[in-house]
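Some notes on the structure that comes next.
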């Protein structure tokens, strides 16, 4: 079995990286750039891969067909590496420049990174975007906030039990808790989390057709034939 694979596909080793010598396979793309040490470098690595592949595929006669393009899923993957507020701002501004609309899935990924790093400013920034863009939240988004809220309470209680002073965390949590409670009311979280009816799009009222509207029928003007006098034809001699 191994001999057959080696006969059909050629392998190439470069900089201790083995990949298929076939430009049409994803193995080549994944093998040219080593896996990043951290998720912070993942965004730059993905962009470099796409740029290099586009340069190589421009020489192909079917370059339009094989061209690699950015889409919303690309930015969803790049959101995994946004561990700071600055990187999230860069990602979202790039989406605006590329005419992509941010969705709750991408914001949920950014929020998960922010809660894991316990960056209060980062969390409030994502919450403000949700309110400003009027984006409908989902269960996963609210769950991230609830888990973060419980985590902060446990840390504060643990510090109180051990007589540890944590004025920074306490002040940051008090500010977050106040904004979070008001934010839940402003976005109407109870209404947002209600499951949508699968036939909702068919239940929306449609405009009344013209045939059902009441309108006045005006009788058209009568056309009468004009009285024409015809002269007797006389050929000229």
Sorted on mean Cβ neighbours within 10 Å (highest first), peptides 46-56, 72-82 come out as 72-82, 46-56
Shape box of the stretch 104-194 [Cα atoms, principal axes, largest first, Å]: 42, 23, 20
Sort 156-165, 120-129 for me by packing, meaning the mean count of neighbouring Cβ atoms within 10 Å per residue, highest on top. 120-129, 156-165
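Taken together, the values in this text are just the output of simple stated rules run on the coordinates, not laboratory data. For clarity, every value in this text was computed on a predicted model and none was experimentally measured. No Cβ is skipped: glycine too gets one built from the backbone with ideal geometry, and neighbour counts run over all protein chains shown.
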